[in-house]
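Notes follow once the structure below has been shown.
The values are calculated or read from the model by the stated rules, or taken from the named source; none is laboratory data. Keep in mind that this is a model prediction, so the values were computed, not measured. When the accessible area is computed, the model is the full protein with side chains, heavy atoms only, and any ligands, DNA or RNA have been set aside. Shrake-Rupley method; radii C 1.70, N 1.55, O 1.52, S 1.80 Å.
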Amino acid sequence: MMNFDYQIFFMDGMTVNEMVTENEDGSFTIFVNNNLCDSKRLKAINHAISHIKNRDFDKTDVQEIESSAHE
């Protein structure tokens, strides 16, 4: 099982459901659209965590990354 540190911020004014950044210390920051309902916020967080678990930050093919994340 892979362990990783992350923090979540709920942001106004986002045009996407979520974004993830990898920080210099190897942790991650997940930004979630504050205008989503609770169930969509949870779905967005789970989607972001799946990208982290799949080590998608090491990949370059965006189509492959998103295809894999939505399976």
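Within region 42-68, track down each residue that is at pLDDT 95 or above and open to solvent by less than 60 Å² (accessible area, probe 1.4 Å).
ALA44, ILE45
Restricting region 1-35 to residues that are open to solvent by 100 Å² or more (accessible area, probe 1.4 Å) and acidic (Asp, Glu), which is farthest from LYS53 (Cα to Cα)?
Looking at the filtered set, the residue picked out is ASP12.
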